[in-house]
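The values are calculated or read from the model by the stated rules, or taken from the named source; none is laboratory data. Bear in mind that the values here come from a model prediction, so they are computed numbers and not experimental data. As a convention, Cβ positions derive from the backbone with ideal geometry for all residues, glycine included, and neighbour counts pool all protein chains shown.
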Amino acid sequence: MIKPETVQKILDTARIEEVVGDFVSLKKRGANLMGLCPFHNEKTPSFVVSPAKGIFKCFGCGKAGNAVHFIMEHEHYSYPEALKYLAAKYDIFVEESERTPEEIIKDDLKDKLFNINSFAQKYFTDTLLNSQQGKLIGLAYFKERGFTDDTIKQFQLGYCLDSFDSFTNNAEKNGYKKDILSKSGLVIVKEEDNKMFDRFRDRVIFPIHNLTGRVIGFGGRIMTADKNRSKYINSPETDIYHKSETLYGIYFAKQAIVSQNVCFLVEGYTDVISMHQAGFKNVVASSGTSLTVEQIRLIKRFTKNITIIYDGDYAGIKASLRGIDMVLEEGLNVRIVPLPPEDDPDSFVKNNRTSFVIDYLKEKTEDFISFKTNLLLQDAQNDPIKKAEVIRDVVHSISLIPDAISRSVYLKECSNLMETKEQILINEVNKDIAKKYKNLPQKDFSETEAVTTAVAIDTDDNILPPSDLYFLEKDVIEKILLYGDFRSVYPEHDDDEISTAQYIIDETLGDNIEFSEPAFQKILNIFKDGAQQDVVPDEKTFINHPDKDVATTAANLISSRYSISDNWKEYKVYINDESSDISNTVIRSIYSLKAARIKILRENLHKRMEISKDEEEITNLLETDKKYKEFEILINKYLNRIIT
């Protein structure tokens with residue numbers, strides 16, 4: 001672990017304009033610098049660097065942060081890796097703090113696993129290229145697949161000899177002990193006689209890399225027709241290799257995924273390699289395992305768009321269907337490319353010109369609604385009962401989409417394809433959403449729960465529109481970040497001057513307000529911790545915070561694309577801004593948030609009254625609604641709004 005004082009020295013030394021300037025051409029614009037965003041394609045510069053605040057912000061794609069976060073985003077480094085990169089740039093010696101015995105043992109094991117995997121990769125590659133058996137069997141296989149020498153070298157492909165212990169013996173001669181060989185999964189130890197033998201014997205080898213390019217495991221394909229042995233095997237789970245969290249090819253694909261803003265997802269090793277060799281660099285594989293949430297979230301770090309290209313046979317199509325719902329639930333956009341029945345991605349790109357493949361992908365790519373609907377309707381044919389089941393299946397997938405606007409668009413498309421009234425589909429989606437929340441642990445019906453969870457209920461109404469709470473919460477957090485240390489006389493504080501931060505903390509605590517956006521709540525909690533020590537955290541506390549969500553959110557909220565030129569004042573042109581009346585601006589932000597929360601609360605109460613058949617419950621709900629209406633009138637009176 002890097003010592004806190006070293007981290008602070010790196011943060012204090014790194015100049016945002018110098019760090020970004022290594023990757024982006026910047027031009028002076030007033031107090032700021034501007035350039036073309038490196039994170040998305042644009043023709044007009046919307047990427048701003050503020051040397052004064054030490055942050056960058058793209059007003060096109062929304063990415064923001066300090067120098068560390070820029071390196072993390074651009075180079076896809078972890079937080080410690082980015083710190084070490086900056087330390088090297090500014091010649092800062094990184095002294096790491098003393099680790100606990102447990103940390104030393106764990107880190108030592110990881111280092112040993114990385115070392116043995118690196119050694120094994122070099123051994124397997126050398127065996128492939130320089131041994132007679134490797135050339136005749138392994139290299140011949142790869143050449144038959146159409147892989148070039150450059151591709152074999154880039155993906156570090158290899159071969160393990162058809163011998164029980166050739167790798168094991170070589171590793172032991174080079175100083176690797178039985179314990180680490182066993183823990184790496186490269187060798188298997190027989191319990192009965194404690195003898196070791198090579199796990200990957202007589203297999204071509206596909207090294208599996210992590211995001212930084214280090215080998216964390218291996219996949220191996222058998223070279224014989226022995227039906228008693230698995231065609232493909234992988235390294236077992238280790239401290240550095242977790243199959244469900246790993247995507248084959250992600251190291252080679254990450255930059256292309258970012259630049260093209262889409263990830264092609266295929267099934268196997270050779271699919272990735274063949275597509276990459278054909279020019280489709282933004283491709284990864286689930287490595288033969290069923291797609292997992294962790295793998296989807298790994299893709300989400302680089303893009304929100306996934307195009308699934310699985311085998312053209314029935315099993316491949318069904319595999320794509322299983323993954324669709326998981327991708328949708330994680331909030332990503334998913335499209336599918338159905339290949340001809342006789343093809344998989346490997347054979348398809350191998351047997352066709354690249355230009356043909358490009359055109360095919362453009363023409364045949366379908367959104368998940370069209371793909372799933374057409375596929376399932378083929379089985380249903382003209383059977384009305386089966387068609388109803390298809391509708392329910394597709395509607396269930398739509399209900400998983402977290403974004404209400406996207407759900408609405410897909411419902412309209414589904415209505416057209418299924419020749420079914422849109423309102424009926426909306427009702428079905430509402431049922432699925434209501435079931436999901438109903439199955440969550442039950443809590444008392446409180447103001448906090450009702451306000452922060454506007455659940456769609458089974459009625460004839462449309463789905464509730466997206467809540468404005470996010471934007472109102474954002475406004476409050478923006479105020480506490482910008483004016484947290486500003487002191488003024490706020491209502492109900494006995495005419496004593498208090499800080500804006502203290503006022504917002506008191507108002508949120510007093511009304512039990514929890515922000516629905518996690519990053520906003522984290523920022524508020526940091527202010528609460530500071531208040532206990534009578535300290536108002538400054539901007540740098542948040543911009544340089546190790547929690548990326550906190551840092552990027554803060555950078556976004558305190559960024560300004562434009563600054564008012566002093567020339568305006570010279571010509572006696574003055575612009576009104578909120579800083580001229582901070583206390584009133586802050587109060588309006590808090591009251592607007594409270595008004596919205598009460599409005600949603602009342603809407604939920606009304607929904608409950610509509611579906612309740614218990615007279616006593618309805619009476620209690622009416623009494624509660626009356627109280628909330630009184631609060632709503634008072635708040636809106638201050639805001640100069642009229643409610644009915």
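General remarks:
- For the stretch 348-365, the set of residues classified as in contact (Cβ under 8 Å) with a residue 60 or more places away in the chain and either buried (at least 16 other Cβ atoms within 10 Å of the Cβ) or within 26 Å of VAL394 (Cβ to Cβ) (or both) consists of VAL349, LYS350, VAL357, listed by residue number.
- Residues that are more than 24 Å from the chain's Cα centre (by Cα) and either outside the structural domain of GLU517 (by TED's automatic domain parsing) or in contact (Cβ under 8 Å) with a residue 24 or more places away in the chain (or both) were ranked within the stretch 538-547; the one that is nearest to LYS474 (Cα to Cα) is GLU539.
- Yes/no for THR168 being of a type in the set (Val, Ile, Thr), outside any strand (DSSP E or B), surrounded by fewer than 17 Cβ atoms within 10 Å (Cβ to Cβ) and in the same structural domain as ASN234 (by TED's automatic domain parsing): no
- Residue list for the stretch 422-432, restricted to those being crowded, with 20+ Cβ neighbours inside 10 Å and over 16 Å from ASP393 (Cβ atoms): ILE426, ASN430
- Residues in the stretch 467-484 include at least one that is in contact with a Gly (Cβ under 9 Å, 6 or more places away or on another chain) and either outside the structural domain of ILE55 (by TED's automatic domain parsing) or basic (Lys, Arg) (or both).
- Of all the criteria given as (1) closer than 30 Å to VAL550 by Cα; (2) modelled with pLDDT of 75 or more; (3) basic (Lys, Arg), the one not satisfied by LYS431 is (1).
- Considering residues of the stretch 474-521 that are in a strand (DSSP E or B) and of a type outside the set (A, V, I, L, M) only, the residue farthest from VAL550 (Cα to Cα): GLU497
- Which numbered condition GLY220 fails, given (1) under 34 Å from the mean Cα position of the chain (by Cα); (2) more than 17 Å from LEU139 (Cα to Cα); (3) crowded, with 19+ Cβ neighbours inside 10 Å: (2)
- The residue list LYS122, LYS106 contains one member that is outside the structural domain of VAL20 (by TED's automatic domain parsing), surrounded by fewer than 21 Cβ atoms within 10 Å (Cβ to Cβ) and without any contact (Cβ under 8 Å) to a residue 40 or more places away in the chain, which is LYS122.
- Scan of the stretch 292-308 for residues that are part of a helix (DSSP H, G or I) and either on the phi > 0 side of the Ramachandran plot or of a type in the set (D, E, K, R) (or both), ordered by number: GLU294, ARG297, LYS300
- Scanning the stretch 147-156 turns up at least one residue that is in contact with a strand residue (DSSP E or B) (Cβ under 8 Å, 6 or more places away or on another chain), within 30 Å of TYR85 (Cα to Cα) and in the same structural domain as ASN115 (by TED's automatic domain parsing).
- In the stretch 295-312, the residues that are at pLDDT 90 or above reach residues that are in a loop (DSSP other than H, G, I, E, B) and of a type in the set (S, T, N, Q) with C-beta atoms within less than 8 angstrom, at least six apart or across chains, in these pairs: GLN295/THR246; GLN295/SER286; ASN305/ASN261; THR307/THR365.
- Screening PHE368 on (1) buried (at least 19 other Cβ atoms within 10 Å of the Cβ); (2) without any contact (Cβ under 8 Å) to a residue 40 or more places away in the chain shows it passes everything except condition (2).
- Residues that are in contact with a helix residue (DSSP H, G or I) (Cβ under 8 Å, 6 or more places away or on another chain) and either at pLDDT 80 or above or in the same structural domain as ALA434 (by TED's automatic domain parsing) (or both), drawn from the stretch 622-632: LEU622, THR624, ASP625, LYS629
Let's see how each residue does on (1) under 26 Å from PHE39 (Cα atoms); (2) at pLDDT below 90; (3) not assigned by TED's automatic domain parsing to the domain that holds LYS110:
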{"position": "ASP202", "(1), (2), (3)": "no, no, no"}
{"position": "ILE205", "(1), (2), (3)": "no, no, no"}
{"position": "HIS209", "(1), (2), (3)": "yes, no, no"}
{"position": "GLY220", "(1), (2), (3)": "no, no, no"}
{"position": "LYS227", "(1), (2), (3)": "no, yes, no"}
{"position": "LYS231", "(1), (2), (3)": "no, no, no"}
{"position": "ALA256", "(1), (2), (3)": "yes, yes, yes"}
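- Looking at ASN604, ASN556, just one residue is modelled with pLDDT under 85, out of contact with any Pro (no Cβ under 8 Å at 6 or more places or on another chain) and in a helix (DSSP H, G or I), and that residue is ASN604.
- Residue in the stretch 240-249 that is within 19 Å of VAL327 (Cα to Cα) and polar (S, T, N, Q) present: yes
- Checking VAL550, VAL573, VAL535 one by one, the residue that is modelled with pLDDT under 85, in the same structural domain as GLU497 (by TED's automatic domain parsing) and of a type in the set (A, V, I, L, M, F, W, C) is VAL573 and no other.
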